Amino acid sequence: MIVTIGVYGFDAESFLRRLRDADVRLLLDVRQRRAVRGPEYAWANSLRLQAALAGAGIAYAHHPELAPTTRLRQLQYAEDDRQGVGKRSRRELAAEYARRYTAEILDRADLAPIVAALPDDAAAALFCVERDPEACHRSLIARRLAERHGVTVEHLRPA
């Protein structure tokens, strides 16, 4: 099973609690930049996050091959600007971003090793920053895992 989760809307304690409640044993970080701006999200910066996960008994793996390129992120930011929304308030991905991410990243990615590494008796989490999976490329990865590999997907959100 795969769950997806973002940073926004959580603090460190509620994030780890949500992972524990979902029986996550492996966190798959699909961010290109593994830092989050703002002091309220400093806990999600790579080294701090990895230390907190280790303390909670959750393994960590970074998958930069699944991260959107800077060019793709800029395409999404331009659409966000056109719609007058910020990254933290975005509710969906731009259609062109989703199309290009799928063609340029996801279609070229070999997801079989990720599927093989999924825990048999627990969940793994696809992790990025956006609160809502519909506003993040992790939802595209999750959908591909479900469609092509039969993986069950659940999206975790803040309470």
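Nothing in this text is a laboratory measurement; each read-out follows from the coordinates by a stated rule. This structure is a prediction, so every number in the text was calculated from the model and none was measured. Positions of Cβ are generated from backbone atoms using ideal geometry, with glycine treated the same way; all protein chains shown enter the neighbour counts.
Amide H to amide H, with H built 1.01 Å from N, Ala123 comes under 5 Å of Val24, Arg25, counting only residues 5 or more places away or on other chains.
Put simply, when 34-42, 13-21 are sorted by average Cβ atoms within 10 angstrom per residue, most first, you get 13-21, 34-42. For segment 22-31, backbone phi angles converted through the Karplus equation (6.51, -1.76, 1.60; θ = phi - 60°) give residue-by-residue couplings of 8, 6, 7, 10, 9, 9, 9, 7, 10, 8 Hz, Gly and Pro being listed as x.
For the pair Ser14 and Thr152, label points projected 7 Å from Cα toward Cβ lie 2.6 nm apart.
Sequence-distant contacts, meaning Cα pairs under 8 Å at least 6 residues apart, place the relative contact order of segment 2-155 at 41 percent. How big is the Kirkwood radius of the chain, worked out from every pair of different alpha carbons and given in Å to one decimal? About 15.8 Å, per the Kirkwood formula over Cα pairs. Summary of the geometry: segment 92-114 and segment 28-74, compared by the centres of their Cα atoms, lie 19 Å apart. Simple point charges give the picture: +1 on the Cβ of Lys and Arg, -1 on the Cβ of Asp and Glu, and for the chain a dipole about the Cα centre of about 420 debye.
Considering only Gln32, Gln50, Gln74, the mean-square fluctuation computed in a Gaussian network model of the chain, springs between alpha carbons under 10 angstrom, is largest for Gln74. For the chain, the residue among Ala146, Val24, Tyr101 whose Cα projects farthest onto the positive side of the dipole built from Cβ charges is Tyr101.
With springs only between Cα atoms under 10 Å, which of Arg88, Arg108, Arg33 fluctuates most in a Gaussian network model of the chain? Among Arg88, Arg108, Arg33, the largest GNM mean-square fluctuation belongs to Arg108. Indicate, rounded to the nearest 5 percent, the antiparallel portion of the DSSP beta bridges found entirely in the chain. Restricted to the chain, the bridges split so that about 0 percent are antiparallel.
Ranking Val3, Ala123, Gly38 by how far each Cα lies toward the positive end of the dipole of segment 3-135 (charges on Cβ) leaves Gly38 at the top. Taking amide hydrogens as placed 1.01 Å from N in the peptide plane, the amide H of Ala59 sits under 5 Å from those of Leu26, Leu27, each at least 5 positions away in sequence or on another chain. For Arg34, no residue 5 or more places off, or on another chain, has a built amide H under 5 Å of its own. Ranked by the mean number of other Cβ atoms within 10 Å of their residues, highest first, the peptides 52-58, 123-129 fall in the order 123-129, 52-58.
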